[in-house]
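Note sheet for the following structure.
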Amino acid sequence: MSQRPWNLSRRTLLRGAGASLSLPLLNAMGTLSGSPSAHAAATSEAASEIQAPVRMACFYFPNGVLERNWFPSQEGRDFEMPFCLEPLEKHRNKLTVFSGLDKQHSHNSGDGHYSKTANYLTGLTVRKTTGKDISVGGVSIDQLAAQKIGQLTPLPSLELGIDPVISGIDTIVGYTRLYGSYISWRSPSQPLAREINPRFAYERLFGVLRSSRESGVSAGAIESTKSIETRVNEQKSQDRRLLLDTVLDDANSLRGTLGRDDQFKLDEYLDSVRDVEKRVAFFSQPDARAWRPETHPELEHLAAPAGAPGDHQAHVRLMLDLIALAFWTDSTRISTFMYANDVSGKNFGELIPGTAGSHHEFSHHQNKPEKFEPYSKITRWHNEQLAYLMDKLDSIAEGSGTLLDNCMILSGSAMSDGDKHKASNIPVVLGGLGGGTIDGGRHIVSPEGTPLCNLYVSMLERMGTPVESFGDSNAALKLGQS
């Protein structure tokens, strides 16, 4: 079969009825030289290869870890996975585990969580304040990258979470609770708002346009000015068609111009979009005919559960699916995700047997064996969710490898031992191979006191946004083959 004499633009969108949808990386998006010899060479390879971009996500879970069940005892490749990391065993060759990384600017800023969470991605001093004069010392790693390459994608970055922002003052330690709700910072005093509603995150990601289309104003611009209450009311009052329905005609037309492999890729991608849409609809539009219990006045004082309806794991995995779709389509190359706010007392009892109680209370284990198991099981659960995302990314072919090969998924907590609120030996892992530049399958043990920001310098270089230093870094951490 001869090579089609045309190339599809990487920025091609499927359009229809006021909606647009990005496409995954297809063979037809390859670049062919105009010379006959180059064309012949590319044809012999069936399709030209283009270098896929590297994507970066930074995940945070609260309350630290039980160190004995997180850090491997062996350095290098032949380490045994500790209990908390066991769910990641199947991705060992595309996983890097770290020990010895430190956040020195969190050591002398008082006890508690806030001085450690707020600078998780900045590495600098968090100003102790109970007011509005907040500062985390600098921009976060994700936003530094977004400022440099964000213009290359429809969204510069995507910030997601599960819990709503908490304000007020933690009088025990003398910090505003705002510090516990953000890890992404555009400037030292300006955090990035996180989207916690799956439908709003979906619509932001895929650019569903409203009636503003007629006035020439972008939906994103109008959405950013609307209050949450207004957006919720609009969601209830409008019966919009699913995004995929609006672009199917365009998708079918495009499909007929693609080669067989690209047709398979397109079908697989559209199926994934449909799956997410159905789940978003389930969260946002419960069946009005469904049974509901009688209303009891004595229960009206109970607070509604945070986040979207449904269990916590379903909410988390839907957000992870959105990140996978965002990276797959190159809608953004940068994302952050908070499993929960700092000092989270979430009860995992319905998800994990033997963990009924407060996550935060378990983290203050006081060396009591009865707290070790539930504390470690909750930490392990967070790695099970990371493994879920890595499964999905590794199942998506991209170039000569998979999407996971072209990602860096940082995941961990902002402190080590939750009982001591340790800011040294920060528990983080890195999933993915950074475009083939990371030598995975290793436990890298750094000298005590090595800045966590040394890792961030290495990650920024792989994002195409190199810096001489970042935060309190003093060198780049070696992630490739030595």
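Every number in this text was worked out from the coordinates using simple rules, so none of it is lab data. All figures in this text were calculated on a predicted structure; none of them were measured in a lab. Here the Cβ positions follow ideal geometry from the backbone for every residue, glycine too, while neighbour counts run over all protein chains shown.
Charged neighbours of L403, selected by a Cβ distance under 10 Å, balance to -1 (K, R count +1; D, E count -1). Spin-label model, E86/N7: points 7 Å from Cα along the beta carbon direction are separated by 4.9 nm. This ranking places E268, E67 by how few other beta-carbon atoms lie within 10 Å of each, fewest first, which gives E268, E67. When peptides 169-177, 312-320, 410-418 are sorted by average Cβ neighbour count within 10 Å, with the highest value leading, the order is 410-418, 312-320, 169-177. Computed over the range 117-178, the range of Cα coordinates on each principal axis works out to 44, 25, 17 Å, biggest value leading. Amide H to amide H, with H built 1.01 Å from N, I169 comes under 5 Å of R177, counting only residues 5 or more places away or on other chains. When each of L152, L192 is scored by the number of other beta-carbon atoms lying within 10 Å, the sequence from fewest to most is L152, L192.
Measuring between alpha carbons in the structure, the pairs from K132/K420; K346/K478; K371/K422; K420/K478; K94/K265 lying more than 26 angstrom apart are K132/K420; K346/K478; K420/K478. Here the residues C84, C407, ranked from fewest to most Cβ neighbours within 10 Å of their Cβ, fall in the order C84, C407.
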